[in-house]
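The values are calculated or read from the model by the stated rules, or taken from the named source; none is laboratory data. Predicted model only: the values in this text are computed from it and were never measured. Note that we place each Cβ from the backbone using ideal geometry, even for glycine, and neighbour counts take in every protein chain shown. Side chains are part of the model used for accessible areas, which takes the heavy atoms of the whole protein and leaves out ligands, DNA and RNA. Shrake-Rupley method; radii C 1.70, N 1.55, O 1.52, S 1.80 Å.
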Amino acid sequence: GTSASGTSAPAAGGNAIEITHWYHQYGEEGTQQAANRYAADYAKVKPNVKVNVVWKPGDYGTALNAALLGSDAPDVFESQLNRDFVTSGQVAALDDLYADVKSDFNDVGLRANTVDGKLYGVKMIDDMGMIYYRKSLLDGAGLKPPTTLDELGAVIDKLTAGQAKGFFAGNDGAVGVLGDELLWSSGHDHLTTDNKVDFNNDDVIAAFTKGQQWLKDHANSILSGAPTDWWDPSAFTTGLAAVQWTGLWAMPGIKKAIGDDFGVVPWPQIEAGKGKPATFWGGWSQFVNAKGKNIEEAKAYVKWLWIENKDIQKDWALSYGFHVPPRKSVAAEAEPLKSGPASQAVEYINKYGVPGNPSWTGAMGTAWGDAVNNMLKNGADPKTEIAAAATKVEAELAKLK
């Protein structure tokens with residue numbers, strides 16, 4: 001769907017201040033009700049403030065960008081920070097909200113929301129992806145969890161049978177997932193820590209050359225056209241695929257559907273002794289629209305919701321799906337993440353997770369995405385495509401400087 005559903009928290013009489021709060025559509029059952037509940041609780045604290053929660057299905061990023069350009073933009077919204085938001089004056093600085101608790105937020109989350117020394121967002125949750133596999137199927141076929149790309153190919157070929165495919169990582173045939181995971185598992189990133197191109201080198205070229213061949217060799221084992229995309233585990237839990245790439249957030253639903261018959265591994269390294277395992281270190285942050293009508297009230301609401309209330313962060317991260325709480329003290333108390341595959345996931349994100357860089361702008365992402373599609377969908381020469389993308393990204397970096 002493409003429509004939005006809104007729920008207003010009641011406000012007491014008088015001239016209420018209205019704040020509109022946008023969320024993307026979370027897949028976990030109960031999340032929308034929780035967001036509405038938080039807004040209603042805030043109305044008890046600030047009776048003169050009315051919070052309108054808007055739940056946005058469909059392409060959230062496109063809808064948000066369009067809304068921010070119009071007159072009906074949200075006052076508070078979730079997204080990931082990039083420098084475009086800052087240079088366009090779209091997001092308000094939030095350094096004053098952190099006060100004495102800044103040190104309780106993990107460094108990765110703080111870096112992801114910082115541009116030129118100022119904090120513009122508050123991390124709500126940390127997310128990462130993993131390969132989920134059925135332990136019984138691997139054991140029955142005499143297979144071990146894959147640690148290299150070739151081993152993953154062997155596993156999914158062996159487990160492809162009848163209508164069931166071996167692997168699912170998106171309805172684009174896994175191209176989108178491979179685009180970043182091949183890069184990161186080569187040992188490189190989009191940008192270095194000092195904001196220089198980090199992907200125009202022989203390691204990355206070799207990784208995508210191998211990725212092209214891997215997709216060809218295992219095309220019959222890769223599922224596309226599933227009812228939902230990779231972020232939802234239903235292809236895995238219903239038996240459409242024996243192995244699936246999806247997020248930590250899906251683990252409670254997987255456990256409910258198939259019990260303990262699953263294990264997890266990060267994206268495998270390119271080859272034994274070459275590259276490293278990888279996963280994204282993502283998640284969502286809250287931002288205040290610097291062009292909104294009620295900036296200070298919106299900031300006060302964000303502070304109450306994601307900084308003052310540790311119970312809300314714990315509830316949001318752990319009661320519906322699984323996410324890693326970005327506050328150190330909350331993460332330390334997260335019992336569901338202390339054992340089994342969940343504890344392995346936390347180990348993977350801390351050891352192999354690659355966080356976003358706010359200097360990676362939308363134009364850079366488009367240049368990289370075009371190169372990935374040309375390489376993995378159209379069979380274009382990796383050396384040529386990567387060099388062309390690097391030239392475009394370097395031009396964008398020059399603008400930033």
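Summary of values
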{"quantity": "Accessible surface of L152 - all protein chains present, 1.4 Å probe, nearest 10 Å²", "calculated": "0"}
{"quantity": "Distant alpha-carbon pairs in segment 1-158 (separation over 26 angstrom), percent", "calculated": "48"}
{"quantity": "Globularity ratio of segment 336-401, using Cα Rg and 2.2 N^0.38 Å", "calculated": "1.58"}
{"quantity": "Point-to-point label distance, D194-N350, nm (Cα→Cβ direction, 7 Å offset)", "calculated": "3.0"}
{"quantity": "Residue order for T160, T279 - accessible surface, 1.4 angstrom probe, largest first", "calculated": "T160, T279"}
{"quantity": "Square roots of five times the Cα gyration tensor eigenvalues for the chain, Å", "calculated": "36, 26, 19"}
{"quantity": "Of all DSSP beta bridges in the chain, antiparallel share, percent nearest 5", "calculated": "60"}
{"quantity": "In segment 153-232, trypsin sites (Lys or Arg not before Pro) in a DSSP loop with at most 12 other beta-carbon atoms within 10 Å", "calculated": "K196"}
{"quantity": "Residues of the chain: accessible area per residue with a 1.4 Å probe, Å²", "calculated": "43"}
{"quantity": "Sequence of E29, E347, E297, E181 when ordered by accessible area, the most exposed leading, probe 1.4 angstrom", "calculated": "E29, E347, E297, E181"}
{"quantity": "Percent accessible area from carbon and sulfur atoms, the chain, protein chains only, probe 1.4 Å", "calculated": "49"}
